[in-house]
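Take a look at the structure below.
The values are calculated or read from the model by the stated rules, or taken from the named source; none is laboratory data. Everything numeric in this text was worked out from a predicted model, so none of it was measured. Quick reminder, even Gly has a Cβ in these numbers, built from the backbone with ideal geometry, and neighbours come from all protein chains shown. When the accessible area is computed, the model is the full protein with side chains, heavy atoms only, and any ligands, DNA or RNA have been set aside. Shrake-Rupley method; radii C 1.70, N 1.55, O 1.52, S 1.80 Å.
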Number of protein chains: 4
Amino acid sequence: MPTILGQNQYGKAENRVVKITRDGATHHIKDLNVSVSLSGDMDEVHLSGSNANVLPTDTTKNTVYAFAKEYGIESAEQFGIHLARHFVTSQEPIHRARIRIEEYAWERIANSGEGEHSFVRKGQETRLAQITFDGSSWEVVSGLKDLTVLNSTDSEFWGFVKDRYTTLPEAHDRILATDISARWRFNWSGDEGEMPDWDASYEQTRRHLLEAFAETYSLSLQQTLHAMGARIIEHRGEIDEIRFSLPNKHHFLVDLAPFALKNDTADGAVYFAADRPYGLIEATVLRDGREARIPADLTNL
Amino acid sequence: MPTILGQNQYGKAENRVVKITRDGATHHIKDLNVSVSLSGDMDEVHLSGSNANVLPTDTTKNTVYAFAKEYGIESAEQFGIHLARHFVTSQEPIHRARIRIEEYAWERIANSGEGEHSFVRKGQETRLAQITFDGSSWEVVSGLKDLTVLNSTDSEFWGFVKDRYTTLPEAHDRILATDISARWRFNWSGDEGEMPDWDASYEQTRRHLLEAFAETYSLSLQQTLHAMGARIIEHRGEIDEIRFSLPNKHHFLVDLAPFALKNDTADGAVYFAADRPYGLIEATVLRDGREARIPADLTNL
Amino acid sequence: MPTILGQNQYGKAENRVVKITRDGATHHIKDLNVSVSLSGDMDEVHLSGSNANVLPTDTTKNTVYAFAKEYGIESAEQFGIHLARHFVTSQEPIHRARIRIEEYAWERIANSGEGEHSFVRKGQETRLAQITFDGSSWEVVSGLKDLTVLNSTDSEFWGFVKDRYTTLPEAHDRILATDISARWRFNWSGDEGEMPDWDASYEQTRRHLLEAFAETYSLSLQQTLHAMGARIIEHRGEIDEIRFSLPNKHHFLVDLAPFALKNDTADGAVYFAADRPYGLIEATVLRDGREARIPADLTNL
Amino acid sequence: MPTILGQNQYGKAENRVVKITRDGATHHIKDLNVSVSLSGDMDEVHLSGSNANVLPTDTTKNTVYAFAKEYGIESAEQFGIHLARHFVTSQEPIHRARIRIEEYAWERIANSGEGEHSFVRKGQETRLAQITFDGSSWEVVSGLKDLTVLNSTDSEFWGFVKDRYTTLPEAHDRILATDISARWRFNWSGDEGEMPDWDASYEQTRRHLLEAFAETYSLSLQQTLHAMGARIIEHRGEIDEIRFSLPNKHHFLVDLAPFALKNDTADGAVYFAADRPYGLIEATVLRDGREARIPADLTNL
């Protein structure tokens, strides 16, 4: 046959696991969506359909739930490390495991009852973690998506190239808004190195992203992206690389002149928030001397 | 022709309007999705295609944006009142206007910069408002959707009917979770009565919903629903009726016995958060002596 | 307590059931999403949490799957009739059952193999059925959603009202496009009357909708809506009422004049297909002398 | 500064363009969603915010619409080639252009009117095309997504690895269903080589995918995947590589034994169609001697 089998992986995707921990009447919640991808000596299942090397995806699902009980869920990253190590070290044909996790945050509901076991979903960004293990080295990429931010001023766009198809006027005071999607890679690569405090790292990285967005006087969304990325690399020594995919969520000043209304930014303005099309700005910022490893496409469009 | 024309309405749906107000270097944001539905003397446009009585939907869109500038957006409800009054009083063929509004909340981003013009979308529930005016009386129905809440204990389910098809075991300690979708009708019906403080009413109603959910020891989701509704009617004199559509977001205790693991609620448990199917509990609670007017179906399934 | 309990209903929503029937090596498939809503003597479960009258939603789910085996799925409507009758007649506290069904169509994949058991999902509209039974009379409302249609000419829009906020130019050759969402009510109301052939009725109604859309020279989307509705009432004696919710999916002629390009409809044109906002046209057409019963809101915006 | 800028790209995403072509009273329609990504000499816009090298994303949008008029849309691939060549050859700072296109298919509505200008959206898979040009060589990757297929028999799953967490029973007659997502790379790499007939290639590749799915007696979804891939490589000489991402859409036999009902596959069975979790099978099949270039992740989970 003139074909060869290339990269392949398999596993159970989107295992929705909720873990409740009780500390007396005070409960804690972890809410994850865990996807497992395994690779290794898998030629035969593709060529002949023999499953002799295949741990069923149903088993990988069971393992996720069992490990949530056996190990608890200290953080998404730590949970993924337990899972990845297990698959690679317990099954000879499996040479590489990649665990992807989405985490949904919850807040407590203030109430007059006894105990603390009532929660409301926070609803902001989804936290992301990806743990990859090949039997010897580790790669952890964390991130977030759908963190929607907006500056109502301190954004301009001018001095750009004009060609035959350019009609856009220059803007000296515009809204800048985006849904932040970011992935950042840790330089921790093995059991020996000191493991980062995953939750503390996440909280600080998220804070820096928001602050850098808010504090950057922006001449382009690319400049804002770079400011966010550089801030992370400068302040978070555990992170070597960060990649962004930032839609430019256009807010167009509505032309109210036909109705004898002045709609300018100086005294408060009315905007049309558009859906499609949108600008899409993507880039990697990395620590000098380090190698970029996060793939270019965080989204599929 | 053996047919007659029944209820009909038309307008522009989903006008996305963002209004920025400047108070020096401190900015404020209102972010709405406004849908207009007009009814009246519209037989001809259906029968012959004559548009002589038709204010274009494009015009209703323009009006939304112009009014955001002319009147500002004090609250979703007040904005809808301006719009509904305008359409009914300015166009003779239009006898009734219904304005539906979704509102998205934003929080400020704490930062070291000057001014306050940076925001992050709150991401929790969507606030809803529906204003209807027929030229003489008003109806305002507010609400919210997608407020996801969870109690990790204080919920039971037992003592139910068992028929030939019943296999469900009784539960004495389960997770209770739902996405609250609610609509509440104000008894304010005209320009003469004192208008509620729409924003304060919303904040208090939301707080009561969360507290009632958290503080109710629940033997059924119906009981929790009723407790939430009764709390609103008791505490908010401006509201006569509230209707809920509450999916029972099932969290199933995972059977870990095959792996020699005990998974019971007492010492912290692992759950599978299911998507479909889900229980769906819907009911109206209303003030004694008042008439129910909110339609039964808040959702389409 | 100053509150009373209003309309309420409960059940299991979105039971996804697939039934395969074998006729030798030729298989047939039915693919449904079934939602059950029960009403009746349910005060106590709301007030005290007593489930003594509550058939669990889990049981209603089991019943859906068991009935698919016991009765088969001749059509969505017939399947819903079996279910509704069962719940009302077998449980004394249940006075009314409403079954809502979505059906997904599949086509056979032509292939050289033996037997016929390979399918590709058709992917066009979702077929809808709603069966309501209160112990004595029946109501069947069928329908469809997400049937996207487009006429590239034979549509105009002019002669409309112009007010202060009107800027729309008149159009004499435009694209008319919509996602048809329709619900139609049958006049069959009980076991005694001859039951319609549900599948044949659906196929003919769908065909008439498409033909009426295609054959109507349209001066307004309302006119097209009415033509579709009147065609159904005239040709399908089993149907007394039909309601539509039709978004006007705007396709705007792109202004290419800045690029020295003429973009008019006469010699083929380029359009921007917009997402939001959109016109939304809703109306009921009914047989003369019959009562309208389909609620006004088929969608939530 | 200790950071460096890595891979970056920008452009306007999701330009929805509809092109109508008139051949007398017979119209033709092309319906695309076009996303532009440009890379090149873009350090300054990230570092200082200077837009001196930046062709605005608004201009790339205008170009899409203008080219649809100037060049027409013969096929998605051909349209993307025009666009990619334009951006790279007309703007010195732009060194690479990647055009991604989704195409939505329409069918004619049979009707008794004159002319042929009425369409219904086909609603099955979305066709995909990605065209990349770096000034010297071309890469075209086409594909599809959301083509949902199902075999109601001729699928087994047994002989797999059993570990401590394995509970899955072996299956000797199961449903196999998936949403096909595939990308295939053409070996055409420049203006000199004979360009494939893009539309004919797509139709044949799609046909082979469906036939290979239907005709493969499957012992694993991996085996079915490989059969589909090998069929393409064998029959379509213009294609060197194909990658799949196939969710295993589980259809579980419902346990009806508690209701004294036998539910086995032999005489027609009832299944629960599950949402999450699902198996996810991903692999590349390529022509012997050729290099794999399609990235591993077609989806984000």
| Near pairs, Cβ below 9 angstrom, 6+ apart or cross-chain, from the range A:1-30 (within 17 Å of B:LEU176 (Cβ to Cβ)) to any residue that is open to solvent by 50 Å² or more (accessible area, probe 1.4 Å) and small (Gly, Ala, Ser) | A:ARG22/B:ALA266
| Restricting the search to the range D:4-36, which residues are hydrophobic (A, V, I, L, M, F, W, C), open to solvent by 20 Å² or more (accessible area, probe 1.4 Å) and at pLDDT 95 or above? | D:ILE4, D:LEU5, D:ILE29
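Table: residues versus (1) facing chain D (nearest Cβ under 7 Å); (2) of a type in the set (Gly, Ala, Ser); (3) open to solvent by 10 Å² or more (accessible area, probe 1.4 Å); (4) out of contact with any Phe, Trp or Tyr (no Cβ under 8 Å at 6 or more places or on another chain).
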| position | (1), (2), (3), (4) |
| --- | --- |
| A:PRO2 | yes, no, yes, yes |
| A:LEU38 | no, no, no, no |
| A:SER50 | yes, yes, yes, yes |
| A:PRO56 | yes, no, no, no |
| task | Would you check if D:GLN124 is within 18 Å of C:PHE119 (Cβ to Cβ) and outside the structural domain of D:LEU210 (by TED's automatic domain parsing)? | result | yes
| field | Top-ranked residue of the range B:107-123 - restricted to ones that are open to solvent by 20 Å² or more (accessible area, probe 1.4 Å) and at pLDDT 95 or above, ranked as farthest from the chain's Cα centre (by Cα) | value | B:ARG108
| Odd one out for D:ILE281, checked against (1) within 7 Å of chain A (Cβ to nearest Cβ); (2) surrounded by fewer than 20 Cβ atoms within 10 Å (Cβ to Cβ) | (2)
| message | Show the residue pairs meeting these rules: Cβ distance below 6 Å; 6+ apart or different chains; first residue within the range D:143-163 and more than 7 Å from every other protein chain (Cβ to nearest Cβ); second residue at pLDDT below 95 and part of a loop (DSSP other than H, G, I, E, B). | response | none
| message | Is it the case, given these coordinates, that D:THR205 is within 14 Å of chain A (Cβ to nearest Cβ), modelled with pLDDT of 95 or more and either surrounded by fewer than 19 Cβ atoms within 10 Å (Cβ to Cβ) or closer than 21 Å to C:GLU107 by Cα (or both)? | response | no
| task | Would you check if D:GLU114 is facing another protein chain (nearest Cβ under 10 Å) and either free of Cβ contacts under 8 Å to residues at least 24 places away in the same chain or within 30 Å of D:LYS249 (Cα to Cα) (or both)? | result | no
| Restricting the range C:234-243 to residues that are within 9 Å of chain B (Cβ to nearest Cβ) and crowded, with 23+ Cβ neighbours inside 10 Å, which is farthest from D:SER118 (Cα to Cα)? | C:GLU241
| Does B:THR166 satisfy being facing another protein chain (nearest Cβ under 7 Å), under 22 Å from the mean Cα position of the chain (by Cα) and of a type outside the set (A, V, I, L, M)? | no
| query | Across the range A:250-264, which residue is nearest to C:ASP275 (Cα to Cα) among those that are surrounded by fewer than 19 Cβ atoms within 10 Å (Cβ to Cβ) and touching a strand residue (DSSP E or B) at 6+ places or on another chain (Cβ under 7 Å)? | reply | A:PHE252
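Would it be correct to say that A:THR216 is within 17 Å of A:ALA182 (Cα to Cα), in contact with a strand residue (DSSP E or B) (Cβ under 9 Å, 6 or more places away or on another chain) and open to solvent by less than 50 Å² (accessible area, probe 1.4 Å)? I'd like the intermediate steps shown before the answer.
On the way: within 17 Å of A:ALA182 (Cα to Cα): no; in contact with a strand residue (DSSP E or B) (Cβ under 9 Å, 6 or more places away or on another chain): yes; open to solvent by less than 50 Å² (accessible area, probe 1.4 Å): yes.
Considered against the rule, which asks whether it is within 17 Å of A:ALA182 (Cα to Cα), in contact with a strand residue (DSSP E or B) (Cβ under 9 Å, 6 or more places away or on another chain) and open to solvent by less than 50 Å² (accessible area, probe 1.4 Å), A:THR216 comes out as no.
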| Within the set of pairs 6 or more residues apart or between chains, which connect a residue that is closer than 18 Å to A:PRO169 by Cβ and in the same structural domain as D:VAL18 (by TED's automatic domain parsing) inside the range D:52-78 to a residue that is part of a helix (DSSP H, G or I) and not acidic (Asp, Glu) with Cβ atoms less than 6 Å apart? | D:VAL54/D:VAL45
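Residue check: is B:ASN33 closer than 19 Å to C:ASN248 by Cα and at the interface with chain C (Cβ under 7 Å from one of its Cβ atoms)?
Here the answer is no, as B:ASN33 does not meet what is asked.
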